[in-house]
Amino acid sequence: MALTITSSSYKGTHASLYVSAALKTAASLEYMTIRENVNHKEVINKVAGADLVKDQDCAFTENSATLTLTEQVLFVEPFQINIDLCKTTMLADWSYHQQDDFVAYAMTYLADSIADSVENSIWQGSTGTSGQFDALSTSGMTSSSASGAFTAANIIANLGTLVSDIPTSVYGKEDLYIYMNKRTYRLYIQAISALSAFPFNHMGEYTPEFEGVKIAVCAGVANTHMWAGTKTNAFFGTSLNSDLTAVKVLDMENLDGSNNVRMVASWTAGVQVGVPSDFTHHG
């Protein structure tokens, strides 16, 4: 007897369980602050104070201290996937894995596509290209003087320059990262493995870092680019709990006689930096 799939449709909170899992497989989101309730746009406020702490006295001098409020706007854009999948292949795999939730299993077919799209857009995307949102803007960022195409011979020098260019107000923070892609990270491993004083091959589990700054390996970063900034200053926005987030599974057998399952997923995404001058960029 053929197995009939019950068509299903979820929106908002119910759909977010599936879409959130797909979004968060994008590696870069591990090193960013995720805002899950951005329906269209959200103002990111950063507050900086100077001369706030004083010796105690009986006076009140309002102008003796400064409090600066910086605003950046985080926009999210809507995206979707509409595809037909062969039910024969899906049902065979589903039965083999013995999963109860068919919708969750079907979403695994889409998860990689959603994650890859988000990962690429964070660092290289352009809203003018279908399926992409604008990448983190370098406008106002600290520009690094690191130069040249990265090789195993120059990657350490370039990293040294990048770290030197990180603002002193940011350097040393616990959530500070250098963002690079897998190719650049491989060049770095090749370089440090060649140093006789660095027993990389005998260290077992290794936490990627350079001169005390942790390295975030993010596939979406371009080959000739590196970034440095804090997790709390890089924002990814989405709207998981609104009707803009939806998942639908339609068994087409009773509708058009085909052996297909139609999958529909929709979500929103966008990125922004809170204080651009606290982020360093090379490339």
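The values are calculated or read from the model by the stated rules, or taken from the named source; none is laboratory data. All values reported here derive from a predicted model rather than from experimental measurement. Cβ sites come from the backbone with ideal geometry, for glycine too, and all protein chains shown count toward neighbours. Calculation scope for accessible area: heavy atoms of the full protein, side chains included, ligands and nucleic acids excluded. Shrake-Rupley method; radii C 1.70, N 1.55, O 1.52, S 1.80 Å.
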* Among all residue pairs at least 6 apart or on different chains, which show Cβ distances below 6 Å where the first residue, located in segment 103-120, is modelled with pLDDT of 95 or more and the second is of a type in the set (Asp, Glu) and open to solvent by 10 Å² or more (accessible area, probe 1.4 Å)? -> none
* Structure fact -> Of 30, 36, the only residue that is open to solvent by 70 Å² or more (accessible area, probe 1.4 Å) and at pLDDT 90 or above is 30
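Checking the conditions here, which among 135, 146 is touching a Leu at 6+ places or on another chain (Cβ under 6 Å) and assigned to a loop (DSSP other than H, G, I, E, B)?
On inspection, the qualifying residue turns out to be 146.
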* To do: With the checklist (1) among the aliphatic types (A, V, I, L, M); (2) out of contact with any strand residue (DSSP E or B) (no Cβ under 8 Å at 6 or more places or on another chain); (3) modelled with pLDDT under 80 in hand, flag the one item residue 149 doesn't pass.
  => (3)
* Asked: Could you say which residue among 164, 121, 130, 117 is out of contact with any strand residue (DSSP E or B) (no Cβ under 6 Å at 6 or more places or on another chain) and assigned to a loop (DSSP other than H, G, I, E, B)?
  -> 130
* For segment 232-240, state whether one or more residues are closer than 30 Å to residue 10 by Cα, assigned to a loop (DSSP other than H, G, I, E, B) and either at pLDDT below 95 or open to solvent by less than 10 Å² (accessible area, probe 1.4 Å) (or both). => yes
* **residue 184 vs. criteria closer than 19 Å to residue 281 by Cβ and either at pLDDT 95 or above or assigned to a loop (DSSP other than H, G, I, E, B) (or both)** => yes
* Failed condition for residue 261, given (1) closer than 18 Å to residue 115 by Cβ; (2) among the β-branched types (Val, Ile, Thr); (3) more than 19 Å from the chain's Cα centre (by Cα), with all others met? -> (1)
* Asked: Among (1) modelled with pLDDT under 80; (2) part of a strand (DSSP E or B), where does residue 43 come up short?
  -> (1)
* **Matching residues in segment 221-278 - criterion: being under 30 Å from residue 88 (Cβ atoms), touching a Phe, Trp or Tyr at 6+ places or on another chain (Cβ under 8 Å) and among the charged types (D, E, K, R)** => 248
